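Heads up: the structure comes next, in structure tokens.
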Amino acid sequence: MCYAIPGKVESVEAQMVVVDYFGEKKKARNELPNLAVGDYVYAQGGYVITKVSKQEAEESLSGWKELFFSLKDTDDQLVFFAPENSAVDRRVARIVKEVSQGKEISPDELKYLIQLSDESQLDILFKSANFLRHKYHGNACCVHGIIEISNNCRKQCGYCGISIYNRQLKRYRMSKPEIIAAVEEAVNKYGFKALILQSGEGAYSVAELADIIKQIKQDFSVLIFISFGEIGQQGLAELYQAGARGLLMRFETSNPDLYRKIHPGQELDSRLEEIRQAYQMGYLIITGALIGLPAQTDNDIINDILLARTLNAEMFSFGPFIAHAQTPLAAAVPPAEEKVLKVLAAARFAAAREAKILVTTGFETLSSRARQKGLVSGGNSVMLNVTPLRYRGFYAIYPNRAHESETVPEQIDETVKLLKSLGRAPTDLGVGVVKQKEASKL
Ligand code: SF4
């Protein structure tokens, strides 16, 4: 759980600690030496990130306390929903009840959910997904930052605007000092506690990436996710050793034939193997698929959701398929907003308690209200783009990406306002935005 409010360590057992936040207890993995009961820490993504002094913690907590409970009240009021009283769709009500009692949803039930089309049924579906999010995850919303360090890529994914197909794109490759400066700004100025470093595949050698990550871990308290395409088992091991603890790698589709068609020369099995190896090594996994691929069926989508669960994803990332104009799949039509929302809601049913569900930038590109709608349909995570503005427009995986020209403070402001209106705790923006006097702006 992503609470970037300081919490008090209640118990320490081997590498697991229990942290208390105003009476709520959360478990987190700890790699800090000499952590003791009574210490105050920031934890993020299930990891203890750093220890803070009692004085700093108490100052921060006094700014948070009232806000913490008022956000919870807002969420409680907005989520109020009694599925058993729903006269509209008894089957959805039964599924919600069973999932609430811990039963796993079946593929048939998932199919039923993603094929709902009547407006009132959809309303029940989205509210039910929000109800499950609230029941199992409370009002915390993960806010990670992402830094796109290079748009170089050696792959030919048939839809991606930074693939080798796009010969018109200006390429960039941030230097180590530029990356460190971007991390410093994100962590020290804006308070991010978890960052995803992303590039196309092959933009840097594993040795270069390991060197950069080691430096980041030495200089900053931050959880690092990597997203550099397939780097092999040895590469994963080296970056874990350097300090990376999360992997963002979507498998894009669970259908091997479809995968081959849109990723010439690539095999789904090798990607899945890499995700499995990363999990075995201890990486937190963010994975998922594209919604609306040409010739994708509803059964494919159901298999995608189930596969993400099987891969032990701690966060599901399901976004719309949007092809770039400079690629072979340029003519493909993106999915409807409603389809994406249905998949997010169905994913919440499939991983009710296990996973966070990301409202992707792709979805925000498809629809200006995607973030708000996604967050009340099962979603509980967003990512803000903290790539330096001078590079951001060149990471053109699809056209006209949301937030492409917004500064980080603008994105934070917009996000915090939205989260406040929904009663969610923007728990990843600790230092820069939520601490003490800034909390009064919420
Ligand atoms: S989807 Fe990823 S691997 Fe494929 S071309 Fe784009 S950046 Fe490269």
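The values are calculated or read from the model by the stated rules, or taken from the named source; none is laboratory data. Since this is a predicted model, take the numbers as computed values, not measurements. Quick reminder, even Gly has a Cβ in these numbers, built from the backbone with ideal geometry, and neighbours come from all protein chains shown.
Just a few scattered comments:
- Flag for Tyr391 being of a type in the set (Phe, Trp, Tyr), at pLDDT 95 or above and either in a helix (DSSP H, G or I) or within 21 Å of Tyr112 (Cα to Cα) (or both): yes
- Some residue of segment 166-181 being hydrophobic (A, V, I, L, M, F, W, C) and closer than 22 Å to Tyr47 by Cα: yes
- Condition check for Ser175: more than 9 Å from the ligand (Cβ to nearest atom) and over 20 Å from Ile275 (Cβ atoms): yes
- Scanning segment 374-396 for residues that are of a type outside the set (A, V, I, L, M, F, W, C) and without any contact (Cβ under 8 Å) to a residue 60 or more places away in the chain gives Gly374, Arg390, Gly393.
- Candidate set: segment 137-164, residues that are assigned to a loop (DSSP other than H, G, I, E, B) and polar (S, T, N, Q); chosen: the one farthest from the ligand (Cβ to nearest atom): Asn139
- Flag if Phe192 is at pLDDT below 95, more than 18 Å from Tyr279 (Cα to Cα) and away from the ligand (no atom under 16 Å from the Cβ): yes
- Against the numbered list (1) free of Cβ contacts under 8 Å to residues at least 40 places away in the same chain; (2) in contact with a helix residue (DSSP H, G or I) (Cβ under 8 Å, 6 or more places away or on another chain); (3) among the basic types (Lys, Arg), Lys417 comes up short only at (2).
- Just one of the numbered conditions (1) within 28 Å of Gly46 (Cβ to Cβ); (2) without any contact (Cβ under 8 Å) to a residue 24 or more places away in the chain is not true of Ala331: (1).
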